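Just below is one structure, and these are the notes that go with it.
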Amino acid sequence: PAPAPTTPAPAVRKIEISLPKFEGYVSERYPTHQAAWVALAGQHGTVGFNRFEAFAKGLVEHLNSTQSWWVFSELDKNQDLTLRDVEFYERLAQTTHLEPLLRLG
């Protein structure tokens, strides 16, 4: 008997992500980290994961839920499941070797 035809396996999208890659995706879409934060949080000083996930899916390279969670947890320095603007700026600044913004008061 003839062998059964095979179909190629579907392309598997890598779920690997890093903060430098994420920062690159952010920089492709927004001129500054501050502009990215405004798009993410508006005038709010904090956001939760659901809002972050929606933001990450809107980047040039759409992040899936697993990638979004990994990046969120890396940005959330104190691991309180809330991303603060200062955490966002500091971690992205560290990724790009920039001086982070200091918040006074």
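The residues of the stretch 40-91 have, on average, 50 Å² of accessible surface per residue, using a 1.4 Å probe with all protein chains present. Figure legend: label point modelled 7 angstrom from the Cα of Asn50 along Cα→Cβ; residues of the stretch 67-93 with amide N under 16 Å from it are 69, 81-83.
Taking only protein heavy atoms and a 1.4 Å probe, the accessible area of the stretch 19-97 is 52% carbon and sulfur.
For the stretch 19-97, the alpha-carbon coordinates run over 28, 25, 23 Å along the three principal axes, in decreasing order.
The values are calculated or read from the model by the stated rules, or taken from the named source; none is laboratory data. Since we're looking at a predicted model, the values are computed, not measured. No Cβ is skipped: glycine too gets one built from the backbone with ideal geometry, and neighbour counts run over all protein chains shown. Keep in mind that these areas ignore ligands, DNA and RNA; they rest on the heavy atoms of the full protein, side chains included. Shrake-Rupley method; radii C 1.70, N 1.55, O 1.52, S 1.80 Å.
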